[in-house]
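Here the structure is laid out as structure tokens; the discussion comes afterwards.
The values are calculated or read from the model by the stated rules, or taken from the named source; none is laboratory data. Small disclaimer: the values here were computed from a predicted structure and weren't measured. We place every Cβ from the backbone using ideal geometry, glycine too, and count neighbours over all the protein chains shown.
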């Protein structure tokens with residue numbers, strides 16, 4: 001029997017996201033699917049719970065998305081998209 005590591009030791013080494021810092025609580029998807037063009041467009045409202053005081057960024061894994069705007073509360077914030085390739089289990093951004 002293998003012991004389950006404490007939450008702090010659990011990490012998805014194929015991900016840049018930091019679930020130990022912020023927890024997804026609710027998603028509201030408002031999407032339009034265009035099967036002919038093979039696209040999905042629309043918006044997502046994402047309610048998150050911050051688990052660490054002073055957190056100044058949230059990292060979400062995504063692929064092939066064009067994010068046009070991010071709003072936190074009532075304030076539009078800068079979007080920084082970074083494409084990175086994880087080369088080892090120890091590599092962290």
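Couple of notes before you dig in:
- Hits in the range 45-80 (condition: touching a strand residue (DSSP E or B) at 6+ places or on another chain (Cβ under 6 Å), loosely packed, with under 10 Cβ neighbours inside 10 Å and assigned to a strand (DSSP E or B)): 49
- Test: residue in the range 83-93 that is at pLDDT 80 or above and either in a strand (DSSP E or B) or surrounded by 10 or more Cβ atoms within 10 Å (Cβ to Cβ) (or both): no
- Residues of the range 18-30 satisfying the condition of being surrounded by 11 or more Cβ atoms within 10 Å (Cβ to Cβ) and over 22 Å from residue 78 (Cβ atoms): 19, 20, 23
- Pairing residues of the range 45-69 that are on the phi < 0 side of the Ramachandran plot and in contact (Cβ under 8 Å) with a residue 12 or more places away in the chain with residues that are loosely packed, with under 11 Cβ neighbours inside 10 Å and assigned to a strand (DSSP E or B), at Cβ distances under 7 Å and at least 6 apart in sequence or on separate chains, gives 45/28; 46/27; 47/25; 47/26; 48/25; 49/25.
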